[in-house]
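Participant: Structure in structure tokens, see below.
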Amino acid sequence: MNDSKFPPNTNRVAEHIVGLPKSGIRDFFELVNAMDDVISLGIGEPDFMTPWHIREASIYALENGHTSYTSNLGLLSLRKEICRYVKSNYAVEYDPVSECIVTVGVSEGLDLLLRAIINPGDEIIYHEPCYVSYAPGIQMAHGIPVVVPTYEKNDFALDPADLKKAITPKSKAILLNFPCNPTGATMPLDKLKEVAQIAIDNDILVIADEIYSELTYEGEHISIASLPGMRERTIFLHGFSKAYAMTGYRIAYACGPVDIIDAMMNIHQYSMLCAPINGQEAALEALRNGKTEMMRMKYEYRDRRNVITKRLNEMGLKCFKPVGAFYVFPNITSSGLSSNEFATRLLNEQNVAVVPGGAFGKCGEGFVRCAYAASIDNIVEAMDRIALFLKR
Ligand SMILES: Cc1ncc(COP(=O)(O)O)c(C=O)c1O
């Protein structure tokens, strides 16, 4: 007998969707949400509120009755400002009319892009541990995710030799995310140049998810799009969620070659139509006047990073000092626990939430992700509790 409220026929949901794994982070946060008094180093979201002048700009936009659709590509004023910002910060020039599209988060930008470029069976190469949406996003677009592991011994930078081994005649694109979620890794320039050369030699596209790039604490972030021969094969994805603490506004953008932006635009106009006007007005204000506040948050993240990295290493949870994003990725194998056991027991015994590294891919096993998007007091308290947890 079929007790389920669904009919026995199982083909109601498409095969490639049925097969999608559930996000390990979601499961874990179901547990966290059910508990009180948890110090969370789990969420990959700024703890800062969106700076007031940005919020005020969106209130002002509403007061002025700006409640309509915008151009499918996004407000031209915003696209112009984005292209100015990208040119001055990333040294790549794009035409705001034809080479830039405003999207609903990098999430939508990535989805549009994958759907725009993938023919069924095309391979998209990406590095792990990585942001949880990459593999499912590729699968949802009927592509084949191809993993290149990154290693602690390289501070989780991508080794070009490993990348080379993953290339096949079916390779369509390489998806890069530096600074990286969950490891905080960045790419040394010489290695980035090698990756660029591999893309050129094999005539494949590069998807550059540089959403954390402003949060680079030492040295300068170099976009792969700015390297010789790369502009025409790179799609630069960026947004306002992280550096400007604007996750809820859902505004991001993609810049790239006309044919690809045009294809993304085609999908966008029939699915999302446009990004919300209120968020676009807020993003415009962020680009025009947001630098001081953004830098203030950045310096605070840097100070927190220094504290958390020092404390974790002192208690034997080895981690390199990440140069970017707001994550550290300590090795927890000295505890004798798997990353899942570590995170679950830490939560149950000390009310501290961190994310098991396995949620970010197989090679994340043996690590946990700690986001330092939490106040310094909370970070210090969380470190005290982790030290106690390890002693016990
Ligand atoms: C690497 C990476 N890319 C993209 C996103 C999604 O960002 P958005 O809020 O712009 O959709 C995230 C969010 O955590 C992320 O970590």
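Participant: Restricting attention to segment 59-89, which chymotrypsin sites (Phe, Trp or Tyr not before Pro) occupy a DSSP loop and are surrounded by at most 15 other Cβ atoms within 10 Å?
Facilitator: Loop-located and lightly packed - 69.
Participant: With springs connecting C-alpha atoms under 10 Å apart, model the chain as a Gaussian network and identify which of 213, 23, 107 has the largest mean-square fluctuation.
Facilitator: So, out of 213, 23, 107, the one fluctuating most is 23.
Participant: Continuing with the same structure: Taking 30 Å as R0, compute the FRET efficiency from the Cβ-Cβ separation of residue 43 and residue 267 and round it to 0.05.
Facilitator: 0.55
Participant: Further, regarding this structure: In whole angstrom, note down how far apart the Cα centers of segment 323-346 and segment 57-72 are.
Facilitator: Here the two parts' Cα centres lie 43 Å apart.
Participant: As a test of the definition: which semi-axes, in Å, follow for segment 230-326 when you take the square root of five times each eigenvalue of its alpha carbon gyration tensor? Largest first, please.
Facilitator: 34, 18, 12
Participant: If you don't mind, there's one more thing I want to ask. Given that compact globular proteins tend to follow 2.2 N^0.38 Å, what is the ratio of the alpha-carbon Rg of segment 74-154 to that value?
Facilitator: 1.34
Participant: Roughly speaking, what is the centre-to-centre gap between segment 88-102 and segment 170-214 when only Cα atoms are used, to the nearest Å?
Facilitator: 19
Participant: Then there's this: Local charge sum around residue 248 (other residues, Cβ-Cβ under 11 Å, Lys/Arg +1, Asp/Glu -1)?
Facilitator: With Lys, Arg at +1 and Asp, Glu at -1, the neighbours total +1.
Participant: In whole percent, what relative contact order does segment 345-392 give with Cα contacts below 8 Å and a gap of six or more residues?
Facilitator: 35
Participant: Further, regarding this structure: Who wins for biggest fluctuation among 12, 79, 55 in a Gaussian network model of the chain, springs between alpha carbons below 10 Å?
Facilitator: 12
Participant: Can I ask one more? Under 10 Å, Cα contacts only: if you run a Gaussian network model on the chain, which one of 24, 324, 357 comes out with the highest mean-square fluctuation?
Facilitator: 24
Participant: Give me the percent relative contact order of segment 52-290, please, defined on Cα pairs under 8 angstrom at least 6 residues apart. Please list the in-between numbers first.
Facilitator: Working: 429 pairs, mean separation 71.4, N = 239.
Relative contact order, segment 52-290: 30 percent.
Participant: List 216, 168 from most exposed to least, where exposure is judged by having the fewest other Cβ atoms within 10 Å.
Facilitator: Ordered from fewest to most neighbouring Cβ atoms within 10 Å, 216, 168 come out as 168, 216.
Participant: Oh, and also: Mind sorting 159, 95 by how few other Cβ atoms lie within 10 Å of their own Cβ, fewest first?
Facilitator: Arranged by neighbour count, lowest to highest, 159, 95 become 95, 159.
Participant: A further question follows. Grab the eigenvalues of the alpha-carbon gyration tensor for segment 52-290, scale each by 5, take roots, and send me the semi-axes largest first in whole angstrom.
Facilitator: Semi-axes from the Cα gyration tensor: 30, 20, 16 Å.
Participant: If each residue of separation counts as 0.36 nm, what is the full-extension length gain between residue 20 and residue 133 once their alpha-carbon separation is subtracted?
Facilitator: Once the chain is fully extended between residue 20 and residue 133, it gains 39.6 nm.
Participant: Could you check the simple spin-label distance between residue 302 and residue 84, using points 7 Å along Cα→Cβ, in nm with one decimal?
Facilitator: 2.6
Participant: Separation between the residue 27 and residue 63 pseudo-spin-labels, each 7 Å from Cα along Cα→Cβ, expressed in nm?
Facilitator: Taking the simple label geometry, residue 27 and residue 63 are separated by 4.9 nm.
Participant: Would you work out which of 114, 60, 357 lies farthest towards the positive end of the dipole of the chain, given +1 charges on the beta-carbon of Lys and Arg and -1 on that of Asp and Glu, about the Cα centre?
Facilitator: 357
Participant: Counting other beta carbons within 10 Å of each residue's own, what order do 38, 323, 86 fall into, fewest first?
Facilitator: The most exposed by this proxy come first: 38, 323, 86.
All of the numbers you see were taken from the coordinates with simple rules; none came from a lab. Nothing here was measured: the structure is a model prediction, and the numbers come from that model. Virtual Cβ from ideal backbone geometry, glycine too; neighbours counted across all protein chains shown.
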